[in-house]
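The values are calculated or read from the model by the stated rules, or taken from the named source; none is laboratory data. Because the structure is a prediction, the values reported are computed rather than measured. Counting neighbours? That spans all protein chains shown, and the Cβs are built from the backbone with ideal geometry, glycine included. Only protein heavy atoms, including side chains, enter the accessible area calculation; ligands, DNA and RNA are left aside. Shrake-Rupley method; radii C 1.70, N 1.55, O 1.52, S 1.80 Å.
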Amino acid sequence: MPRSKKGKRGSSKPGSLRQEVLQLQLSAKGSLKGMKNGVKGEMGASDDELTSDVLSHYSSASETTSVMDEGTGGEQVDEQTAQEETEDKLKQCIDNVMDKSTKTRLAGLESLRQAFSSRLLYDFLTERRLTISDCLERSLKKGSGEEQAAAATVFTLLCIQLGGGDEAEEGFKMLRPILTAILIDNSASIAARQSCARALGMCCYVSAAEEGEDLIKSVALLESVFMSSYPNREGTLPTPKPGNSSLHCAALQAWSLLVTLCPASHVTVIIDLHLPKLQACLQSSDVNYRIAVGETIALLVELGRDIEEDFEVENSESLCECLKSLATDGNKHRAKNDRRKQRSIFREVLHYIENEDFTEEKIRFGVESVYIDSWMRRRIYDAFKEILESGVRQHLQSNPLLRDIFGLGAPLILDAAVKANKISRFEKHLFNSAAFKARTKQRNKVRDKRADVM
């Protein structure tokens with residue numbers, strides 16, 4: 001953003017300003033050291049004055065630092081240069097995805113994954129979405145299982161970046177047949193099929209939410225994958241093939257994400273069909289699949305209660321008994337971490353089924369927060385967190401799509417002056433130490449007065 005014209009303060013020499021800041025910090029250090037040794041900086045100074053004095057030190061230093069930044073006049077140029085360098089690197093990554101070498105293509109896909117998940121690149125990607133989609137289509141059609149998995153993940157991130165508009169919908173319609181073909185191909189790698197299941201769920205969620213036909217088709221496709229884990233006619237669970245549990249888990253979670261978009265009439269059909277079968281899957285041998293099933297049961301019950309006030313779970317007593325068993329599972333044959341994770345999740349599920357009470361979670365990012373206060377919001381947040389990883393907070397801050405989904409409004413525009421006046425860790429430490437010292441003195445005085453009265 002363009003900077004305002006500098007006044008007289010802006011014309012000061014940077015060297016003298018740096019010396020002033022250094023002197024202020026050194027004097028503050030001396031004041032803090034004196035306080036620690038029990039020596040008063042000024043005779044007769046009150047506790048409030050002491051706190052105010054250190055606060056003024058930090059204010060002066062921050063203000064001077066802000067002026068120094070303006071004095072350099074090179075910040076805007078540096079930002080522009082950094083932006084150009086980032087775009088050049090991204091262009092090279094796109095070129096790498098088209099390289100003949102598998103290793104180079106994989107490295108390019110990984111670099112794109114990291115870039116797409118950590119920052120918002122809407123303008124850059126809008127201009128190149130067709131080129132990137134062509135690259136990803138080639139990797140999905142001709143690449144190895146590892147390359148297919150990476151390409152599906154990058155495509156999911158591309159849809160999130162494009163914000164669910166016409167561009168994302170166009171890309172989804174282009175690649176959906178390929179993602180579907182890989183997902184239902186039993187000879188394809190498990191990792192690729194997992195990634196395609198997540199891609200179909202998330203891309204349909206963000207780009208085809210208003211297309212009822214596409215939504216129902218995607219729901220049915222994902223159902224066909226995890227329903228193979230359901231009990232047979234005799235009521236026994238099939239023995240899963242190696243890796244199939246993780247595939248069923250990915251398909252079930254993608255499916256449950258899309259169920260949150262389904263109309264009430266379709267949700268009612270889903271609950272009647274799937275809830276009894278899912279209860280049987282709580283006995284699965286895979287801990288992650290058991291947890292995914294438990295969370296899905298809680299989500300379906302929540303949706304059912306939203307539709308009907310007097311909604312009741314079929315065979316609720318046997319369900320609660322099973323949940324209690326999993327919430328207190330002490331089976332030594334299972335890993336300690338698995339048991340701890342399972343107990344925690346199933347305690348929450350049981351608590352909700354019995355009492356209709358959800359443990360609210362607060363997610364902080366920047367100066368804002370988002371509240372996860374239902375199983376539906378948790379499923380949506382977890383789906384984005386799984387694909388964006390540590391970048392989920394950055395996208396909550398700046399991505400209009402996520403902000404719209406979680407009801408956060410337009411992205412906040414922080415004033416440059418606010419950013420410039422941020423307190424350094426050292427300055428925070430000085431102020432907090434002085435404030436603590438002042439509070440302690442004040443409390444001691446109050447205690448002394450109480451002792452005198454007594």
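To the nearest 10 square angstrom, what accessible area does His351 show with a 1.4 Å probe?
70
Taking only the C-alpha atoms, wrap a convex hull around region 203-247 and report its volume per residue in Å³ as a whole number. Intermediate results must be reported in sequence, preceding the final value.
Details: hull volume 3.6 nm³, N = 45.
Considering the Cα atoms of region 203-247, their hull volume per residue is 79 Å³.
Could you give me D for region 177-309, from Stokes-Einstein at 4 °C and 1.567 mPa s, where the hydrodynamic radius is the Kirkwood radius over C-alpha pairs? Units µm² s⁻¹, please.
Details: Rh = 15.1 Å.
My calculation gives 86 µm²/s for D.
What shape does region 99-223 take by its C-alpha gyration tensor, where a ≥ b ≥ c are the square roots of the eigenvalues and a/c under 1.5 counts as rounded, a/b above b/c as prolate, and the rest as oblate?
Values: a/c = 1.92, a/b = 1.08, b/c = 1.78.
In terms of gyration-tensor shape, oblate.
With a cut-off of at most 10 other beta carbons within 10 Å, and DSSP calling the residue loop, which GluC sites (Glu not before Pro) in region 193-254 qualify? Please list them. All intermediate terms of the calculation are to be shown ahead of the outcome.
Working: sites: Glu210, Glu211, Glu213, Glu223, Glu234; in loops: Glu210, Glu211, Glu234.
Counting only loop positions with at most 10 other Cβ atoms within 10 Å, the GluC sites (Glu not before Pro) in region 193-254 are Glu210, Glu234.
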